[in-house]
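*Asks:* Handing you this structure, nothing more for now.
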Amino acid sequence: MEKQEIRTFGRRHGKKLSTRQNWLVENLLPNLKPTTGDILEIGFGAGEHVRDLARENPEKIIIGAEPFMNGVASLMSAITDEKTNRVLDEYTGIRIWADDVRDFLRDTDSKFEQIWVLHPDPWPKARHEKRRLLSADFLTTLSKYLADNGEIIIGTDHWEYFDWILEQIKDTNLVATIPDMAIIQTRYQHKNKAGTDSPRYLILKNQ
């Protein structure tokens, strides 16, 4: 029997979507389903950083993966014209995977220049630790989808989780550096549920 994957994210739905958001999810989202891309962000929240990536890399395909439908709807609202619901020119490179990213990875031959994971759920209770996304196994999986000199960029404001990730990296073929990066502004970064001074970042590369 095939081993069932542990769910690494929380709820799929929050408050009721607006009429416009429902229309976008039903009519536009299927057209934005990705097959391959250049940059991947996993768990994009409300999509602020996905939009930044699209503006900074207009020639690239930016894939955002997010299973929380309210976050997906927020991103779609932000990248489309309010009157026509057409994708704005600066965001035409965005593709959205509205589900578990592991399902997308199984079906793509992409080699990413960057894979971003910002503020993943730290699952701080000991009994939930197995649900943490950035395990050694998952990091090893991600490493297979990196282009030559590709990078996995991780950010978290939960310092115990940061140290836990460093331990996980020891069981992979990735090498880690701790960069001096400007804080990446997102809704989840501003919430700072861990109550720490600032996020910490890691950059991982294949050896």
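FYI, it's all coordinate maths here, none of it is from the lab. Keep in mind the model is a prediction, meaning the values are calculated, not measured. Here Cβ is always computed from backbone atoms with ideal geometry, including for glycine, and neighbour counts include all displayed protein chains.
*Asks:* If you average the sequence gap of Cα pairs under 8 Å that are 6 or more apart and divide by the length of the chain, what percent do you get for the contact order?
*Replies:* That works out to 21 percent.
*Asks:* Still on this model: Provide the gained length on full extension for the span Thr141 to Ile203, in nm with one decimal, where the gain is 0.36 nm per separating residue minus the Cα-Cα distance.
*Replies:* So the extension gain works out to 20.7 nm.
*Asks:* Once every DSSP H run of n ≥ 4 in the chain is given -39500 (n - 2.57) and the sum is divided by its residues, what mean residue ellipticity at 222 nm do you get, rounded to the nearest 500 deg cm²/dmol?
*Replies:* Helix-only estimate at 222 nm: -7000 deg cm²/dmol.
*Asks:* Here is a follow-up. So who's got an amide H within less than 5 Å of the one on Thr80, skipping anything under 5 residues away but keeping other chains? H placed 1.01 Å off N, in plane.
*Replies:* Leu88
*Asks:* Still on this structure, I have one more. Number of Lys-Lys pairs in the chain under 15 Å by Cα, sequence gap 8 or more or different chains?
*Replies:* For the chain, qualifying lysine pairs total 7.
*Asks:* The stretch 20-47 to the stretch 59-103: how many Å between their Cα centroids?
*Replies:* 3
*Asks:* Longest exposed-loop-site-free stretch of the chain, with GluC sites (Glu not before Pro), DSSP loop and at most 15 other Cβ within 10 Å?
*Replies:* With GluC sites (Glu not before Pro) excluded where exposed in loops, the chain gives 83-207 as its longest stretch.
*Asks:* If amide hydrogens are placed 1.01 Å from N in the peptide plane, which non-local residues have theirs closer than 5 Å to the one on Leu118?
*Replies:* When sequence neighbours closer than 5 places are left aside, the close amide H contacts are Ile42, Gly155.
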